[in-house]
Every structure is written in structure tokens, then in C-alpha cells.
1. How far is it, in nm, from the label point at TYR32 to the one at VAL45 when both lie 7 Å from their Cα along the line to the Cβ?
2. Quick one: which of 45-54, 28-37, 2-11 comes out on top by average Cβ neighbours within 10 Å, and what's the full order, highest first?
3. Using the basic label-point model (7 angstrom from Cα toward the beta carbon), what is the TYR71 to ARG52 distance in nanometres?
Amino acid sequence: MRLTIVVLAFFILPKIGVSQFHEDQVGAWYMYFFNTSFKESVWGVQGDVQYRNFNLGGDLEQLLLRGGVTYS
């Protein structure tokens, strides 16, 4: 029983001071999702743009551009 409590505490309790977050670096994750259909057509387009960075726009970490065609 004691071993079970120790193992659960090890996995549940957070480790204090062990983190990848740096207080002097502020990051951002901008997302834009869209979904559009054409006038009275069964076809449309959908997608998203995701921009992730550090230093509020100065350091590009990742840029995701995804799009697709829809039929309804």
C-alpha cells in the first residue's frame, strides 16, 4: 500500500522548478480557421493557419498552413 502511494505521488505531484518555461521569453500561438462555401454550390474550401513563435513575433518556431476542399 505504501509503495502504491509513493508511485502515485511521483506521477501526480508536479516537479517544482523543473520546467521548460523561461520567464524572460514570452511566446505566442496565433490561429486562424476558415470554412467557406461558394454561392449555391455544393463545393467549398476550409483550412487553418497556425503561427507559433517566441519574443512576440520575432522568432519563428513553427508555421502550419493547411487547406482542403469540402463537398456537402
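The numbers here are math on the coordinates, done by the rules we state, and not lab data. Everything numeric here is computed off the predicted structure, so don't read it as measured data. Cβ sites come from the backbone with ideal geometry, for glycine too, and all protein chains shown count toward neighbours.
1. 1.2
2. Going by the mean number of other Cβ atoms within 10 Å, highest first, we get 45-54, 28-37, 2-11.
3. Reported label-point gap for TYR71 and ARG52 is 3.3 nm.
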